[in-house]
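As structure tokens, the structure follows; a few thoughts come after it.
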Amino acid sequence: MTSTSNLQAAIMTFSPEFRPFRPEDLPEILRIQADNLVSNLPEDRRSDGFLLTAFSPRQFEEMHREIPIIVADHGAGLAGYLCSTGVAYSRSIPLLFRMIGLFPEITFRGRSLDRCRTFFYGPVCVDRPHRGRGVIEGLFRALIGRVRGRFDVGVLFVSSRNPRSMQAHLCKLGMTRVRDFEFDGREFGFLVFEVP
């Protein structure tokens, strides 16, 4: 088999389990986070996507208690993870607090966000060797299964310096960019999606 055939076979057989976080997943989540944190990446690797902020083990556990963290488990480790939080928890994070202040100004599907049952999506990170293999789509589908009936709308921010993430959320997941905003001297896109 050629190396191209081997790669195609590996992609076709790659089928991770998308499941809720378990405590034993924490070391892998912290590793993926560290490997993709913007402050740990050289400039030439940032165009492939990055995380802006590091969360502590305690913060991951707090987020998980509110809305389960979803992981992509491929048997030999994790291919990625997706966190979410409710509005109450998010008020303690300055960037998200800024977004909450914009809710009355943003209308989505005929209602302002402050009149919707809204939650925050993210952070999400797919480990570099597993990008382009359907991981983000699987994480998203699993999350929707968990939040359906509890929330109407999900919201998130994407740094304007992170085009790979913006493309993934707009094109692969069908989210809507409703506006841009500034926080701490940096530009972000404000994205929303409906919980079906």
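Every read-out reported here was derived from the displayed coordinates using simple, explicitly stated rules and does not represent laboratory data. Remember, it's a predicted structure, so these values are computed and weren't measured experimentally. Cβ sites come from the backbone with ideal geometry, for glycine too, and all protein chains shown count toward neighbours.
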Over what distance in Å are the Cα centres of the stretch 17-72 and the stretch 141-177 separated?
16 Å
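What do you get for chymotrypsin sites (Phe, Trp or Tyr not before Pro) in the stretch 125-193 restricted to DSSP loop and a cutoff of at most 16 other Cβ within 10 Å of the site's Cβ? If you can, show how the numbers build up before the last one.
Numbers: sites: Phe140, Phe151, Phe157, Phe181, Phe183, Phe188, Phe190, Phe193; in loops: none.
Answer in residue order: no site qualifies.
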Work out the length of the dipole vector of the chain about its Cα centre, built from +1 on the beta-carbon of each Lys and Arg and -1 on the beta-carbon of each Asp and Glu, and round it to the nearest 20 debye.
480 debye
May I ask which residue of Gly132, Pro23, Pro104 lies farthest towards the positive end of the charge dipole of the chain, with charges of +1 (Lys, Arg) and -1 (Asp, Glu) on Cβ and the Cα centre as origin?
Pro104
Rounded to the nearest 20 debye, dipole of the stretch 36-133 from Cβ charges on Lys, Arg, Asp, Glu
300 debye
Run a plain Debye calculation on the chain (Cα atoms as equal point scatterers, no solvent) and give log10 I(q)/I(0) at q = 0.14, 0.16, 0.17 Å⁻¹, rounded to two decimals, same order as the q list.
-0.81, -1.07, -1.21
Site Glu17, offset 7 angstrom along Cα→Cβ, radius 18 Å on amide nitrogen, limited to the stretch 40-77, gives 68-77
